[in-house]
Amino acid sequence: MERAIVQSTRSQHFPGGDQIWPGFYNRGSSYNMLNRNKRAIVLDLKADAGREAFLRLAESADVVLENNSPRVMSSLGVGYEQLAERNAGVVLCSISAFGASGPEAHYTALGSNIEGSSGLVAQTGYGPGERYATGSFHADPIGGTIGALVTIAALTQRERSGRGQHVDVSLLESGASFLVESLLDYRLSGRVAEPRGNRSPRIAPQGAYPSAGDDCWLAVGVEDDGQWRALAGAIGRPELAERWPDLASRRRAHDEIDRAITEWSEQLDHQRAAELLQRAGVPAAPVLANWEIISDPHLYERGYWVELVHPETGLERWEGLPWRLSRLPQREHTPAPLLDQHSDEVLSENGFSAEEIASLREQGVVKETPADVALFIPSLSGPTAPS
């Protein structure tokens, strides 16, 4: 089984105030969601002893994964060259905003910046002059998925060569790779992509249509003439299929078709409307709010939700894995680890003696709280803590 070190270096200075709950760094919902089924070790990589401990751990690792800006790992003395000196077979997967080379390599960014630079925002909106970000930071999961796939490829290549390599993943390029259609269209025709709302050049009608209830909607997309005839019949307007029988005519009449669908959909609950269209063979689905997703019986039937008891936050219900393996049972899940929860355990497993671990703790290289956290918790720092 491949072994990996998942390492993320973050600022250890936290915004403070009198209302901060002790141990707040173990209570972040995003952290607790994303770090289930992992172990946590704390090392101060700015300290010589922490850097050496990290390199010792890397000696037996197959993969080191990090998502810092390109300058961070090398400046800390744990870049690919230093790792490869200790372990020629290690694969370092680095995921950064703009990649490790190029004039923008050291630019800082969040997912929202990348959505703009990758071209997504330029195509998101309902017409000229409108540009919307999604708010979901699509480049992050796309980049992570690409990083995992390419890391597997690097491990496969290592079986032939015996050597690891540095995998350099750019969030910008990951996001742009999902917009190749508009890039190809520009190269071939010179057309500049514009926001098109819910419309598609290949699917018509397509859109989100209001249904009965408060802010309830129905999503519909028709891919071919057969589905279009089925939709027209399901909404009680079979003459529409005769009037606009093909994609070109439906695209020209999209507004009128949308009005006809809306007249039907707004009389029905979005779940019921989707069920009727699905029975007719039309791709349709209710637009679900977050509370509806949490209570969706289909997800419960598939066992998607996972309930875990976290030592700081108590009972939590989280999203599970979106796949099933027929020959492997569902694994047991564990909650996200507390800061430093497994430091001694992991170090001991990797050859550190009890004396060495104790020394790391005495030096503050391994510790239970983030650096300077006492400055922001009055109960730890006394009356001089800033408010």
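Of the peptides 250-259, 30-39, the ranking by mean beta-carbon count within 10 Å, highest at the top, reads 250-259, 30-39.
Cα centroid separation, segment 259-305 to segment 187-237: 16 Å.
Based on the Cβ-Cβ distance of Glu316 and Leu149, what FRET efficiency does E = 1/(1 + (r/R0)^6) give at R0 = 25 Å, to the nearest 0.05? Plugging the Cβ-Cβ distance into 1/(1 + (r/R0)^6) gives 0.30.
For segment 206-287, averaging the sequence separation of C-alpha pairs within contact (under 8 Å, six or more residues apart) and dividing by the residue count gives a relative contact order of 45 percent. Subtracting the Cα-Cα distance of Thr124 and Arg191 from 0.36 nm times their residue separation leaves 22.5 nm of extension gain.
Cα centroids of segment 42-80 and segment 320-364: 17 Å apart.
Given 25 °C and 0.890 mPa s, how large is the Stokes-Einstein diffusion coefficient of segment 224-279 in µm²/s, with Rh as the Kirkwood radius over Cα pairs? Intermediate values should be presented prior to the final figure.
Numbers: Rh = 11.5 Å.
D, rounded to a whole number, is 213 µm²/s.
Diagonalising the gyration tensor over the Cα atoms of segment 25-97 and scaling each eigenvalue by 5 before taking the square root yields semi-axes of 22, 14, 14 Å, largest first.
Descending by average beta-carbon neighbour count within 10 Å, the peptides 160-166, 263-269 line up as 263-269, 160-166, the highest first. To the nearest ten degrees, helix 48-58 and the longest principal axis of the Cα atoms of the chain are 60 degrees apart. In loop segments of segment 312-372 as defined by DSSP, the chymotrypsin sites (Phe, Trp or Tyr not before Pro) with at most 11 further C-beta atoms inside 10 Å of their C-beta are Trp323. Put in line by how crowded their Cβ is, counting other Cβ atoms within 10 Å and starting with the fewest, Ser170, Ser69 read Ser69, Ser170. For the listed peptides 226-232, 300-306, 339-345, a ranking on the average number of other beta carbons within 10 Å per residue, highest first, reads 226-232, 339-345, 300-306. Rg/Rh for the chain (Cα atoms only, Rh after Kirkwood) is 1.05.
Bear in mind these aren't lab numbers, they're just calculated from the coordinates by the rules spelled out. The structure displayed is predicted, hence computed values, not measured ones. All Cβ positions, even for glycine, are placed from backbone atoms using ideal geometry, and neighbour counts span all protein chains on display.
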